[in-house]
Amino acid sequence: MCMQIELLFFGSLTDITTVSRLIAEGMSDTEQLKKYLEEKYPALRTAKYFMALNQQMIQQVHPLQPGDVVAFMPPFSGG
Amino acid sequence: MLLNNRYIRQMILPGFGQAAQEKLRAAKVLIVGMGGLGCPALPYLAGAGVGTIGIMDGDTVSLSNLHRQVLFTEADIGSNKATVAAARLQLQDAEVNAAAYPYLLTNQNALDIIGQYDLVVDGTDNFAAKYLINDACVLLKKPFIYGAVSRFQGQVSVFNIPVAEGRPLNYRDLFPVSPRPGEIQRCEETGVIGVLPGIIGTMQAAEAVKLITGLGDLLYGRLMNYDVLQACSYEIRFSHQPEIPVIDQDSFLQMKYDFDCEEEADIPEINVAEFNRLVQQPDIFVLDVRERHEYPPIDFSDAQIPMSELQELLETLPEKEICVICHQGIRSVYAAQLIRARRNLPVYSLKGGLTAYFNQPGK
């Protein structure tokens with residue numbers, strides 16, 4: 001059974017990732033996921049965003065379960 | 001009777017009636033920014049019967065505005081947006097009390113102007129204005145209906161609704177400090193599809209009508225993201241951020257909100273390894289800005305000045321390079337900006353704060 005999680009990138013973050021949706025495997029928690037993504041996309045290190053796990057904003061490290069959805073949301077300023 | 005006839009189609013709605021209509025007539029709404037978001041919000045608020053509407057914008061109409069700022073015509077090019085919009089509002093409903101503020105919101109005029117209204121609809125197009133509105137609304141305890149767009153996506157939320165206990169959620173619970181120039185691209189650089197702010201601005205107007213009348217569930221504690229290309233929305237619930245800067249009237253009046261200015265200090269954020277090297281140097285001053293009740297106590301700081309007291313004690317800091325630390329490295333950036341604004345010596349912030357520090361092996 002694969003430990004798959006779904007990643008969603010919003011707004012200008014897709015400039016960095018080039019896609020709005022990704023599947024990741026083998027991530028035990030949100031910190032490991034963040035490190036993996038920062039390795040893969042170094043520009044994420046300086047990007048402004050918050051993370052949400054299953055549509056709830058998170059402020060600390062959370063363990064990940066198969067089927068979890070992690071969203072990366074930057075601030076928007078246009079009007 | 002004429003009044004009833006005008007609003008009859010909404011007054012016959014379940015739960016609406018005369019009472020909701022009177023609340024709208026008594027309501028005072030300020031729209032800050034008459035651009036892509038403000039233009040669609042205004043006629044719907046007026047149409048719904050909001051009795052007093054303030055319109056604020058220091059900008060003039062230009063040709064490149066017309067694809068999304070649908071209140072304006074070619075004849076309006078070169079005229080102030082607030083003035084034109086207020087005149088249009090009087091044509092729509094001569095009974096509405098319309099006030100035009102043909103200048104920009106600043107921290108010097110915000111408390112006076114926002115203080116005259118019940119709530120603020122955000123029609124601005126830059127972070128400085130959004131943080132300024134947020135902080136003024138926090139100080140004045142006024143609801144803030146937030147909207148913003150980026151290319152094909154928009155965000156909507158409602159902040160600062162009075163709560164029975166504790167403090168209400170505000171914009172800084174989502175994004176505690178404003179992005180620096182270059183961290184996030186602006187609308188004129190990224191582009192925006194015209195209909196998108198139309199959708200987001202009318203969503204904001206809908207939230208304002210719900211807030212005034214007490215109908216339905218507000219987008220409070222929820223950030224809605226709408227993607228016009230996918231035609232789908234994604235909602236994120238959020239709660240209190242423990243690390244947000246404390247706003248009081250003095251810090252608000254002294255804060256430099258215009259992050260677009262080049263002289264805004266860019267605070268270097270150092271990681272734990274860099275921090276460990278830095279503290280070996282003799283002339284570095286480590287400043288802990290956590291509140292006094294926060295744990296754990298540490299023995300490697302030179303002083304602890306809680307964020308809530310820092311503004312008043314800036315003068316007491318030594319003429320040395322300073323590294324600011326806090327629990328998670330968010331408040332410390334804000335503190336470092338306050339310090340940097342007063343002096344020309346290097347100021348650093350420990351990225352990830354003490355959480356990162358105590359996560360290193362051997363700690």
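Helix B:127-140 and the longest principal axis of the C-alpha atoms of chain B enclose an angle of approximately 90°. Cross-link pairs exceeding 22 Å between alpha carbons, from the set A:K48/B:K320; B:K23/B:K141; B:K141/B:K210: A:K48/B:K320. Restriction of the GluC sites (Glu not before Pro) in the range B:262-360 to DSSP coil positions whose beta-carbon has at most 12 other beta-carbons within 10 angstrom yields B:E262, B:E263, B:E319. Each of A:T46, A:Q56, A:I23 was placed along the dipole of chain A (beta-carbon charges, centred on the mean Cα), and the one lying farthest toward the positive end is A:T46. A simple rule links phi to the HN-Hα coupling: the Karplus curve 6.51 cos²θ - 1.76 cosθ + 1.60 with θ = phi - 60°, which for the range B:241-258 gives 8, x, 9, 6, x, 7, 9, 10, 4, 5, 5, 4, 5, 9, 5, 9, 7, 7 Hz, with x for Gly and Pro. Spacing of the modelled spin labels on B:D112 and B:D266, each 7 Å from Cα toward Cβ, amounts to 3.6 nm. Averaging Cα coordinates gives a centre for the range B:201-224 and one for the range B:1-59; these two points are 13 Å apart. Taking θ as phi - 60° and the Karplus parameters 6.51, -1.76 and 1.60, the scalar couplings of the range B:301-310 work out to 9, 8, 7, 10, 10, x, 3, 5, 10, 4 Hz in sequence order, x denoting glycine and proline. Close amide H contacts of B:R222 (hydrogens built in the peptide plane, cut-off under 5 Å, sequence separation of 5 or more or a different chain): B:V158, B:F238.
Within chain B, DSSP assigns beta bridges of which about 35% are antiparallel (rounded to the nearest 5).
Computed log10 I(q)/I(0) for the range B:265-359 at 0.12, 0.17, 0.24 Å⁻¹: -0.30, -0.64, -1.38, from the Debye equation with unit scatterers placed on every C-alpha and solvent omitted. Cross-link reach is defined here as a Cα-Cα straight distance under 19 Å, omitting same-chain residues fewer than 8 places apart; for A:K34 the aspartates and glutamates meeting it are A:E6, A:D15, A:E25, A:D68, B:E183, B:E269. The GNM of chain B, with springs linking C-alpha atoms under 10 angstrom apart, assigns the highest mean-square fluctuation among B:A48, B:A98, B:A273 to B:A273. Mean separation of Cα pairs under 8 Å and 6 or more residues apart, divided by the residue count, gives the range B:23-169 a relative contact order of 24 percent.
Straight-line reach from B:K256: taking Cα to Cα under 19 Å and skipping same-chain neighbours fewer than 8 places apart, the lysines in range are B:K130.
Across the range B:164-179, rounded Karplus estimates of 3J(HN,Hα) from the backbone phi angles (6.51 cos²θ - 1.76 cosθ + 1.60, θ = phi - 60°) give 5, 10, x, 9, x, 6, 9, 4, 5, 6, 7, 9, x, 10, 5, x Hz, Gly and Pro being marked x. Output the 0 to 90 degree angle, nearest 10, between the alpha-carbon long axis of helix B:331-342 and the longest principal axis computed from the alpha carbons of chain B. Approximately 90 degrees, to the nearest 10. From the alpha carbon centroid of the range B:264-294 to that of the range B:159-174 is 30 Å. Here B:Q360 and B:E315 are evaluated by their C-beta separation; at R0 = 35 Å the FRET efficiency comes out at 0.55. Pairs of Cα atoms nearer than 8 Å and 6+ residues apart set the relative contact order; for the range B:265-359 it is 35 percent. Relative to the longest principal axis of the Cα atoms of chain A, the long axis of helix A:30-40 makes an angle of roughly 60 degrees.
A short reminder: the numbers here are calculations on the coordinates, not readings from a lab. Worth saying up front: this structure is predicted, and the values here are computed from it rather than measured. Methodologically, a virtual Cβ is constructed for each residue, glycine included, from the backbone with ideal geometry; neighbour enumeration extends over all protein chains shown.
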